[in-house]
Amino acid sequence: MMARHDPVAETTHRLVLSGTGRIHLVEQGSGPLVLLVHGFPESWYSWRHQLPVLAAFVSPGGTLRDRFPIDRLPAWLSEDDLDVYAAEFERTGMSGALNRYRNMDRDWEDLAGFDGSPITQPSLFIGGALDASTTWLADAIKAYPVTLPGLVSSHILDGCGHWIQQERPEEVNEILSDWLASLR
């Protein structure tokens, strides 16, 4: 029997001190920096399908688990995936993830000086048509030509929810790869 290649095993984990505490980051590959950001209740693991694709693209240089009965898991979330998420929250706890949302008012204060300033860096937006936040932020998405003048492309994936990178890993990989290729 052939051994299965595990791209997650090729990642490097680090804790980096920041002004607000520690940030856990995961690296794979070398070359230009690509940031993949996730929100609560996710962890780096939600980007596991994209890490090896992006690493190959750039040049070298009571537990939580108990709350998700197996028969109710979405098709894109396996028992093994849930085990990884549960282990991450057991390792790091829930406080850091929840504190991110508890701190949102401070964001408005800290970023007040940038109010109305567009983000001009090359950017990409991918959202799920079934994601409630895509609906809540519909006006912000419509304003992207003004607020994100560097927006190269925007994609709303039909039939997709909030966890686009897990629900549609191949499609997200293709969109990311095409976007990065357009920047060359």
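Calculated [222 nm] ellipticity per residue, helices only, for the chain: -10000 deg cm²/dmol; basis is -39500 (n - 2.57) per DSSP H run with n ≥ 4, divided by all residues, nearest 500. Averaging the inverse of every distinct alpha carbon separation and then flipping it gives the Kirkwood radius. What is it for the stretch 99-147, in angstrom units? So the Kirkwood estimate lands at 12.9 Å.
Between Rg and the Kirkwood Rh of the chain, both from Cα atoms, what is the Rg to Rh ratio? Walk me through the intermediate numbers first.
Working: Rg = 17.9 Å, Rh = 18.7 Å.
Over the Cα atoms of the chain, Rg/Rh equals 0.96.
Remark: spin-label model distance Leu137-Glu90 equals 3.2 nm, labels positioned 7 Å along the Cα→Cβ axis.
Would you mind working out the magnitude of the charge dipole of the chain relative to its Cα centre, with +1 at each Lys and Arg C-beta and -1 at each Asp and Glu C-beta, to the nearest 20 Debye? Show your work: numbers first, answer last.
Working: 14 positive and 25 negative charges, 77 e Å.
Rounded to the nearest 20 debye, it is 360 debye.
Label-to-label distance for Leu130 and Phe40 is 2.5 nm, based on points extended 7 Å past Cα in the beta-carbon direction.
Among Glu79, Glu167, the ranking by other beta carbons within 10 Å of each residue's beta carbon, starting with the fewest, stands as Glu79, Glu167. Plugging the Kirkwood radius over Cα pairs into Stokes-Einstein for the stretch 120-184, at a temperature of 37 °C and a viscosity of 0.692 mPa s, what D comes out in µm²/s? Roughly 266 µm²/s, to the nearest whole number.
Ranking Leu157, Gly127, Gly113 by Cα position along the charge dipole of the chain, where only Lys, Arg, Asp and Glu carry charges on their C-beta atoms, puts Gly113 farthest toward the positive end.
Bear in mind these aren't lab numbers, they're just calculated from the coordinates by the rules spelled out. Computed from a prediction, not measured in an experiment: that's the story for all the values here. No Cβ is skipped: glycine too gets one built from the backbone with ideal geometry, and neighbour counts run over all protein chains shown.
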